[in-house]
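Here is the structure we will look at, set down as structure tokens.
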Amino acid sequence: MGKIVRYKMEMEVLTPVHIAGADYKSKLNKTEYIFNPNTNDLTIIDNNKFVNFLVEKKIIDKYLDEIRKNNKLNLFYFLKNSDLYKNKDRNKILYEDLRGFTKKSYKNLDIELKIKENERKENLNNITLLNKNVKDEVYIPGSSIKGALVNLLLVSYIINNRDEFVNEIKQIENEVENFDKKNSKFFQGKVKNVINKIQEKILYENFSNKKIKKFGISISDSYENKKDIDVNFYQDIDEKIKDKKESYLPVVREYIEPKNIFEFDITLDFELLSRTRLKINDFDDLINALEEATDYLIENTLELPDELYCQNLILGANTGFHQKTIVHALFKDKSERTQVVKILLHKGGTNAIRLHLNDKDSPRVINRIRKNGKLELAGLVEIRKISEKEVGK
């Protein structure tokens, strides 16, 4: 057997990062938070205490009636219409009442809910929270780190070896040529199958048992945080590629702010890695491949090569990251990959697909958010080695 080395790693967040959990706790609906559109204050409520509050104020029946009528009940306006305010201040809920059921609160968030004239400003939908552990602390799951890392290793390999995937590229081209807007899910399924075959070829082709999905890279969750993690809330941006405009969607996510640092482990089994096509013989090979792929995606997709200089991993991009990055790597010609990715973006709705097929530029593979009135890349981090220890042969 070859050597197995565990590397203690450090991850520094360079631009806001959002990684949500898969469970129900990660998404808040309108009955689980209060957003004041006049002050941009957000209050996440304790549901049990809030029910007690409603009982105490003798409006629990009114609340239940509203829920039955409207499953998208807006708590801010419900409390406002229930006259739970100070005498002359119509914008603020009674602070003593609010504290009674507040789980967390955030003041003056950088959120701009642009709407059409005469519509309400506070048309905010679900809020998605970060992953939290049992202690309610923000952490980075090892599965998220590994998924992003492996994706970039595949991109790095593909851009250097496109000639090995001529058949797969032709398959996708044929699907694009015969694309039927009425059956877009079939197209996406076909492309997904091609991408899965490419991944299998790179990672598992030389393994006798291809059902065992182990190829030599293991990654731990981030450790217990040494200090509180700074977070903020930002909106999703819908960039209108054709006319170079953008709109702010009524979707808000919790993000880890830049300069926060996490620690985690990467374990490399070099004997297993030698059976893949990745050509990772030491730790430097791993980092060099990540940097190459990250630089490639930023330069060829965003055309912002000098915006950052030390990122080597992209996390939690919320953009259909895996399929889109592989397509970007396969198709060197921008017009070809643009056509494929545009169709991949939409799982239905012929109007939406038709609009994007008229765009001139390729949809982005890296998410951007609105921060301080400007668009900023999201999800860029740098990982660095702290120490290493050989753990087996």
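Coordinate-derived values only; no laboratory data. Remember, predicted model here, so these are calculated numbers, not experimental data. We place every Cβ from the backbone using ideal geometry, glycine too, and count neighbours over all the protein chains shown.
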**Asked** Can you give the extra length, in nm with one decimal, that the chain gains between Val251 and Lys389 once fully stretched, where that is 0.36 nm per residue apart less the Cα-Cα distance?
**Response** 45.3 nm
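Taking R0 as 25 Å, what's the FRET efficiency between Glu10 and Glu224 from their Cβ-Cβ distance, rounded to 0.05?
Numbers: r = 14 Å, r/R0 = 0.58.
Plugging the Cβ-Cβ distance into 1/(1 + (r/R0)^6) gives 0.95.
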**Asked** Which FRET efficiency value, to the nearest 0.05, do you get for Arg277 and Lys332 by plugging their Cβ-Cβ distance into 1/(1 + (r/R0)^6) with R0 = 22 Å?
**Response** 0.70
**Message:** Can you compute the label reach from Lys27? Point 7 Å from Cα along the Cβ direction, backbone N cut-off under 14 Å, restricted to segment 128-156.
**Reply:** 128-130
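Quick one: length gained pulling Val166 to Asn126 fully straight, 0.36 nm per residue minus the C-alpha distance? Provide the component values of the computation, followed by the final result.
Working: separation 40, 0.36 × 40 = 14.40 nm, distance 4.26 nm.
Result for the pair: 10.1 nm of gain on full extension.
How do Leu42, Leu98 line up, fewest other C-beta atoms within 10 Å first?
Working: Leu42 22, Leu98 18.
The fewest-first ordering by Cβ neighbours comes to Leu98, Leu42.
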**Complete:** Listed with the fewest Cβ neighbours within 10 Å leading, Val13, Val51 appear as Val51, Val13
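Can you bin segment 131-181 into rounded, prolate or oblate? Criterion: square roots of the alpha carbon gyration tensor eigenvalues sorted a ≥ b ≥ c, rounded for a/c under 1.5, prolate for a/b above b/c, oblate for the rest. Present the calculation step by step, with values, prior to reporting the outcome.
On the way: a/c = 6.70, a/b = 2.09, b/c = 3.21.
It is oblate, given that a/c is not under 1.5 and a/b is not larger than b/c.
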**Item:** Estimated inter-spin distance, Val176 and Glu200, nm [label 7 Å along Cα→Cβ]
**Value:** 2.4 nm
**Local electrostatic count, Asn225, Cβ distance below 12 Å [Lys/Arg +1, Asp/Glu -1]** = -3
**Request:** Apply 1/(1 + (r/R0)^6) to the Cβ-Cβ distance of Ile261 and Asp136, taking R0 = 25 Å, and write down the FRET efficiency to the nearest 0.05.
**Result:** 0.80
**Distance between modelled label sites at Asn232 and Arg68, nm, 7 Å Cα→Cβ extension** = 4.4 nm
**Message:** For the pair Lys57/Asp284, report the inter-label distance in nm, with labels modelled 7 Å from Cα in the Cβ direction.
**Reply:** 6.4 nm
